[in-house]
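Inspection log for the structure reproduced underneath, given as structure tokens.
The values are calculated or read from the model by the stated rules, or taken from the named source; none is laboratory data. Predicted model only: the values in this text are computed from it and were never measured. Positions of Cβ are generated from backbone atoms using ideal geometry, with glycine treated the same way; all protein chains shown enter the neighbour counts. When the accessible area is computed, the model is the full protein with side chains, heavy atoms only, and any ligands, DNA or RNA have been set aside. Shrake-Rupley method; radii C 1.70, N 1.55, O 1.52, S 1.80 Å.
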Amino acid sequence: YFARQNEFTEEISNFVIAFSNIFLALILFAVVVGIFISRQLTRPLATIQDKIKAMDIKKKAEKIVYTRNDELGGLIREYNRKVDELSESANKLAQSEREMAWREMAKQIAHEIKNPLTPMKLSVQYLERAYDLKDENWETTYRKVSKTLIEQIDILSGIASEFSNFAKMPASKKEIISLTDIIQTSVQLFENAEDVDFDVNIEIKSNGMINADKEQMLRVFNNLIKNSVQAIPDDRRGKIKITIIELDKSYIVKVEDNGSGIPENMISKIFQPNFTTKSAGMGLGLSMVKSMLISNNATIHFNTEVGVGTEFVIEIPMLNEEEM
């Protein structure tokens, strides 16, 4: 044995090397087989992941084709079922959004049409009273009221025509107009309201020429003045003060009333659609006022004190030389 010890050691070494090589080959084979099997198993999962990642409610999701009846097949069948449910839900949501958009549009149109009707009625009643009393200035009053009514009727006609033809609010048609004329026209529409005094202070040297949509600006001030009139309590004589001042490159218009003011918990919501502090109305007036002012490059904010009144402040750019 001792004489053959080196030979035995060499045989053992060869056996260990051969055994190691066999095991190494088996391990490599097992790794390759494992990778192949894992890829076969995870490929459907990766497909599901990609499909879910690409899923968009605005687009129709694609189903996964998998014919095997195993655990993954059950998962994929559930995914395909959810795709069908999602498609159906998306269609219902789109239909609901369209219906809601039409309802909001109908409310907005109704609000815009209804808004000037009350002061127009008051103007006609004032004209009839002046005629019955044989007022000396009846002809002047008649012409002033007629002009105001015609302008408001033209606005209502334009809104109705646009809605009928395009089912949308009229787009802005900017032109060079006088801000002071717009404000005076709106005031004339409401100045016959009972228990309300108007005070218009024009503190500018020019006519306040601006580049804006005339109809939209009339609707802006009609809404603001109407809100001011409605904010005044029944037991208080109303005072609405409108001031126009001039800055370097813009005009500031302040519409101030001595109404009830806006509670603190409502201040952040005052320009939101469908929000109103009144028991009647649709809550679209101030929301549309802000939207129309933005479309005419103007801004609006307000200051209020409960029990004292509210002041709305509008800033609109002057007409520059390039726009002339």
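Before moving on, here are some points about what is shown:
- Identification of helices (runs of 4 or more DSSP H) wholly contained in region 100-192 with 2 or more residues that are farther than 24 Å from Val229 by Cα and modelled with pLDDT under 75 yields 138-166.
- Filtered by the rule that a residue be of a type outside the set (Gly, Ala, Ser) and either open to solvent by less than 90 Å² (accessible area, probe 1.4 Å) or closer than 15 Å to Leu117 by Cβ (or both), region 137-149 gives Trp138, Thr141, Lys144, Val145, Thr148, Leu149.
- Selection count where residues are touching a Lys or Arg at 6+ places or on another chain (Cβ under 8 Å) and surrounded by fewer than 20 Cβ atoms within 10 Å (Cβ to Cβ), scope region 201-213: 3
- Positions within region 214-226 being free of Cβ contacts under 8 Å to residues at least 60 places away in the same chain and surrounded by fewer than 23 Cβ atoms within 10 Å (Cβ to Cβ), in sequence order: Lys214
- The residue pairs whose first member lies in region 118-132 and is without any contact (Cβ under 8 Å) to a residue 24 or more places away in the chain, whose second member is open to solvent by less than 60 Å² (accessible area, probe 1.4 Å) and among the hydroxyl-bearing types (Ser, Thr, Tyr), and whose beta carbons are closer than 9 Å, counting only pairs six or more residues apart or on different chains, are Leu127/Thr141; Leu127/Ser146; Ala130/Thr141; Tyr131/Thr141.
- Positions within region 186-225 being closer than 16 Å to Ile294 by Cβ and out of contact with any helix residue (DSSP H, G or I) (no Cβ under 7 Å at 6 or more places or on another chain), in sequence order: Ala212, Asp213
- Meets criteria (in a helix (DSSP H, G or I), more than 39 Å from the chain's Cα centre (by Cα), among the aromatic types (Phe, Trp, Tyr) and over 30 Å from Gln216 (Cβ atoms)) for Tyr79: no
- The one condition in (1) among the polar types (S, T, N, Q); (2) closer than 23 Å to Lys107 by Cβ; (3) modelled with pLDDT of 90 or more that Thr299 fails to fulfil: (2)
- Taken over region 57-75, the criterion of being farther than 18 Å from Ser87 by Cα and either open to solvent by less than 90 Å² (accessible area, probe 1.4 Å) or at pLDDT below 70 (or both) is satisfied by Tyr66, Asp70, Glu71, Leu72, Gly73, Gly74, Leu75.
- The residue that is modelled with the highest pLDDT, among those in region 258-296 that are of a type outside the set (Gly, Ala, Ser), touching an Asp or Glu at 6+ places or on another chain (Cβ under 8 Å) and outside any loop (DSSP other than H, G, I, E, B), is Met292.
- Asp234, sole failed condition from (1) surrounded by fewer than 17 Cβ atoms within 10 Å (Cβ to Cβ); (2) in contact (Cβ under 8 Å) with a residue 12 or more places away in the chain: (2)
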